[in-house]
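Colleague: First the structure, which I've put down as structure tokens, then a few questions once you've had a look.
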Amino acid sequence: MGPSILRYGTPEQKATFLPKIIAGEIVFCIGMSEPGAGSDLAGLQTRAVEEGDYYIVNGQKIWTSFAHLADYCYLVARTNPDVPKHQGISELLVDMRTPGITIKPIVDMTGAHHFNEVFFDHVRIPKSSLVGEKDRGWYQIAAQLDYERSGIERLMSNYSLLQTIMAHVQATGSSRSEIVRHRLAQLHIEFTLGKFLVYKVAWLLSRGVIPNAEAAAAKAYCTEFEQRLAQTASEVFGSYGQLMPDSPRTPLNGRIARAYLYAPAYTIQGGTSTILRNIIAMRGLGLPPG
Ligand SMILES: Cc1cc2nc3c(=O)[nH]c(=O)nc-3n(C[C@H](O)[C@H](O)[C@H](O)COP(=O)(O)OP(=O)(O)OC[C@H]3O[C@@H](n4cnc5c(N)ncnc54)[C@H](O)[C@@H]3O)c2cc1C
């Protein structure tokens, strides 16, 4: 959220939010996806209607990570329903303590609660919460998603698992297996390639350029690497690796099973790999829409 507020926020929003973000004092959730609007985000239905000094928000978001822990929601809502769907969308910074917000947990298949459904029922948001230009939110979102996809966490979220399986393989002597050695070498090569993609994105950001196809390539490659890493870890440990933390003999406190079960999420959250490949094809390579 920081780069978006830096780019589109008012001086007051920058003064209020940026120091707290840097200090790690506030948590944001991202209120974009809806039951009928994921990849096709412009189809969102949540409405924000002007009333005096406020927007009145009604609608529903889904898959909202950490909404139950967040102080603020970076909310995307429709402010003008009478124009083509990519227009008439605006972005609002919503205090999650505002009356009318209901959060319902969604438990994922690892058994954890990290994302939620969020319902907005006549939620009054001060107009000073608008980020950037009213009705021009779609054009801001594109840049915001590029920032969201640019983070090195797309490569690193399972890194300790890579280190742990390396240590385990050496300690148990399974490194003598040619197949295991090849798989681990392959992972190291892929990790190094992922690093170069992430560095390229960081280099563009440092020059003030919003990475677009580069961020899509980094996110698609790195998250697919994360999945291959989880797959390899579970193969190295075999069925024993599938035990969840509540079993006393679980290796690595269930991290392998958890990583394996969570892995499908990597290539969905923040834009699916298919959508990212569309971005690489059209905006990166200049190919016509398929
Ligand atoms: C772990 C996790 C955390 C998330 N956190 C958040 C969050 O904090 N905030 C938030 O707003 N959202 C969040 N999301 C939602 C996420 O952004 C959406 O799930 C994602 O954008 C896909 O949308 P969808 O689920 O509606 O699937 P759909 O858009 O319905 O896609 C279904 C399938 O169709 C394919 N598809 C769709 N359109 C096209 C097309 N044009 N061309 C080719 N293929 C296409 C997709 O690739 C996918 O395989 C999270 C999701 C996950 C899994």
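The values are calculated or read from the model by the stated rules, or taken from the named source; none is laboratory data. These figures come from a predicted structure and were not determined experimentally. A quick note on method: Cβ atoms are made from the backbone with ideal geometry, for glycine too, and the neighbour counts reach across all protein chains shown. The area values use the complete protein model at the heavy-atom level, side chains included, leaving out ligands, DNA and RNA. Shrake-Rupley method; radii C 1.70, N 1.55, O 1.52, S 1.80 Å.
Colleague: Work out the FRET efficiency for residue 206 and residue 164 from their Cβ-Cβ distance, taking R0 = 45 Å, and round it to the nearest 0.05.
Modeller: After rounding to 0.05, the efficiency reads 0.90.
Colleague: Do the alpha carbons of any pairs in 85/134; 104/127; 14/61 sit beyond 21 Å of each other, and which pairs?
Modeller: In this structure, 104/127; 14/61 lie more than 21 Å apart at Cα.
Colleague: Give me the net charge for the shell around residue 216: Cβ to Cβ below 15 angstrom, other residues only, Lys and Arg +1, Asp and Glu -1.
Modeller: +2
Colleague: Which listed residue (67, 19, 208) has the Cα farthest towards the positive end of the charge dipole for the chain, taking +1 on Lys and Arg C-beta and -1 on Asp and Glu C-beta about the Cα centre?
Modeller: 208
Colleague: For the chain, what is the accessible area per residue in Å² when the probe is 1.4 Å?
Modeller: Accessible area per residue: 51 Å².
Colleague: Please work out the Cα convex hull volume for the chain and give it in Å³ per residue.
Modeller: Residue-normalised Cα hull volume stands at 154 Å³.
Colleague: Let me spell out the model: positive unit charges on the Cβ of Lys and Arg, negative unit charges on the Cβ of Asp and Glu, origin at the Cα centre of the range 1-151. What dipole size does that give, in debye rounded to 20?
Modeller: It comes to approximately 100 debye.
Colleague: Continuing with the same structure: Using only helices, what value at 222 nm comes out for the chain when you add -39,500 (n - 2.57) per DSSP H run of length 4 or more and divide by the total residues, to the nearest 500 deg cm²/dmol?
Modeller: -13500 deg cm²/dmol
Colleague: Quick one: helix 11-22 against the long Cα principal axis of the chain, what's the angle to the nearest 10°, folded into 0 to 90?
Modeller: So the helix axis and the longest Cα principal axis differ by about 20 degrees.
Colleague: Please list 166, 109, 282 in order of solvent-accessible area, largest first, computed with a 1.4 Å probe with all protein chains present.
Modeller: Largest accessible area first, the residues go 109, 282, 166.
Colleague: Determine how large the accessible area of residue 63 is when every protein chain is in place; take a 1.4 Å probe and give Å² rounded to the nearest 10.
Modeller: 130
Colleague: For the chain, which whole-number percentage of the solvent-accessible area (1.4 Å probe, protein heavy atoms only) is attributable to carbon and sulfur atoms?
Modeller: 57
Colleague: Give a residue-ordered list of calculated ³J(HN,Hα) values for the range 76-86 (Karplus: 6.51 cos²θ - 1.76 cosθ + 1.60, θ = phi - 60°; whole Hz; x for Gly, Pro).
Modeller: In residue order, the calculated couplings are 10, 9, 8, 9, 9, x, 9, 10, x, 4, 6 Hz.
Colleague: Moving on to the next point. Could you tell me the relative contact order of the chain? Use alpha-carbon pairs under 8 Å, at least six residues apart, and round to a whole percent.
Modeller: This gives 15 percent for the chain.
Colleague: Can you tell me the mean projection area, over all orientations, of the convex hull of the range 171-278's alpha carbons? Units nm², please.
Modeller: 8.3
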